[in-house]
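A short worksheet on the structure shown next.
FYI, it's all coordinate maths here, none of it is from the lab. Owing to the predicted nature of the structure, the values given are computational and were not obtained by experimental measurement. Here the Cβ positions follow ideal geometry from the backbone for every residue, glycine too, while neighbour counts run over all protein chains shown.
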Amino acid sequence: MKHDPYALTELIRSDEFIEWVMRPDASNEKRWQTFLENNPDKKQTVEAAREYVILLAKDTGRDQPTKKQSDRMWNAVESRMHEAENESLAIEEPAKGRMISGWRWMRVAASAALILSIGSVSYWFYYKQSVSGKAPNLAAMQDLKTDKIIQRHNDSDKPMMILLTDGSSVVLQPGGRLSYSEAVNAKRREVALTGKAFFEIVKNKEKPFLVYSYGLATKVLGTSFMIDASEANKDIRVEVKTGTVSVFSINNLDKKEIEEESDKQELTGITLSQDQRIAFSKESGKITKLSAQVLETGDMDILRQEFVFDETPVHEVFRKMEIAYNVQISYDKVQMGNCTLNATLIGQPFKEKLEAICNALDAEYEINDNLVSIVGKGCK
Amino acid sequence: MINFDVLAGEKTDQQLWQRIREGDEQAFTIIFERYHRTLYNYGSKLTSNSAIVEDAVQDVFIDVWRLRNNLTDNVTSVKFYLYRALRRRIHLAQDKFPVTEEIAFLTENETPANPANSETILIDVESASRRAKQIQNLLSQLPQRQVEALTLRYFDDFSVEEIAGIMGVSEKSVRNFIYKALTSLRHNRQILIISSLIFCLLGVF
């Protein structure tokens, strides 16, 4: 067998490759996409290698302690800490009895200390960020480094809803893959997409939201849109449902230029507004505006879905939400099912929609994965 | 204002380390919170006796606090320091209780003393995580040092150089561990794919 640096096993253990999978950013994303464009036959290998790296990271990290074990360890450490303070430094024998006697108190003190310290550190962190720009940036980068990149892969045959920490929601179609970091980045929100997804993004002018897919960057400040970056298609399509979106090719930009473009607080380049669409050629990097919408039947339920309710019974509203986001909503059908709702909920992220509905119903909601429970007294 | 500036810098490991040397309990708490879980995870790859792992993690932190006055000034990576210390601790403990070596072989059928495991399995019933679970089973069949190297590389995100330092072997050996593990994983996966195919077919009829 000849040595191929891009063979499966070689990729899985390549430092650069791991870096790209675990911490995709504009520059390594571009490098590997260029590689893929030049070596289309490597696509499957790259996908398989990526899956391995993610599985390996996930599986080797499965032995973390339970909350109880964490508490136990901290209690033991804490008790020994103060013991060392009161007496001399040379104590070796464990003090089990002491640990138990002061256990309850320690527990409370420990949690308080933890909460306080975490709270104050994050406060200072944010405080710093708003005051000056230099030092905290470093800290933010470090944070990004230690935080795990989250990879979501929809290998079911139904859409998958993903809630991002900023409250935005993404409906990922079967076969799609979305990776993002839960770290709080000072400047922008970034995700990488392959496959097809519908985005509903919370407005935040200070932090642009960027989607990278095969050399195309889609940038928004808060809006809803669909991206189809399926592996099989030559083109990537972007279609805007509400608000404005800008797209640019990152193939010809270097890292600094990409960052500049990403951080601008306005939308430059090619901008799209409501119902406009573009196609981006993966091969040539050309962006073409597409003419008026051609309705494709059965396409992207959620994109075509109208969330306009006029005296609509709640059970119908929930049914619509369930289908569009592929979630299960549980509520008291007898009490709430026949209440009616007037609302226009276009382009809002899933959570905002829920909030609006619950506000109108004077109810509360709770989300657990794709299970939503709504509790309320019903309408008057 | 001055106070803010000083404390804002606490974010990085190095600065926390410096503050621990000065006796700052809060800094110590943050370091504990930041690393005790991944350390425990790593320790679990070295022995399947969770009591030993817990003790070792505790001891590493207790040592850091007790010996804070003598801690090295220029620690390039606090994380690296903690992992290496944990590994030593566990090896010391294992010398004291050599019985654990035998327990390590039991893990295949039942993973004792690891509630975190069964929890995750219960939550994820989707096919993706079932596949992950299967690969995890394969992981449990690999020699311990290979699993150790994989964990440090993929989960803990250490460089090969750092892993060599932690495990006390050459970089070449680290690359070797990883390479061997990957090739046997691949080999096993082919069997896995075939067997799951058969399973699916059985399900259809």
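Couple of notes before you dig in:
- Per-residue average of Cβ from other chains inside 10 Å of A:74-82: 6
- One equal scatterer on each Cα of the range A:150-290, no solvent, Debye formula: the resulting log10 I(q)/I(0) at q = 0.09, 0.19, 0.20 Å⁻¹ is -0.23, -1.14, -1.28.
- Taking one quarter of the surface of the C-alpha convex hull of the range A:1-53 gives a mean projected area of 3.6 nm².
- Between the beta carbons of B:Glu22 and A:Asp15, assuming R0 = 25 Å, the FRET efficiency works out to 0.10 to the nearest 0.05.
- Added length on full extension, which subtracts the Cα-Cα distance from 0.36 nm per residue, A:Ser291 to A:Asn39: 87.5 nm
- Peptides B:48-57, B:21-30 ordered by average Cβ neighbours within 10 Å, highest first: B:48-57, B:21-30
- Hydrodynamic radius (Kirkwood) for the range A:305-376, which is based on Cα pairs only, to one decimal in Å: 12.0
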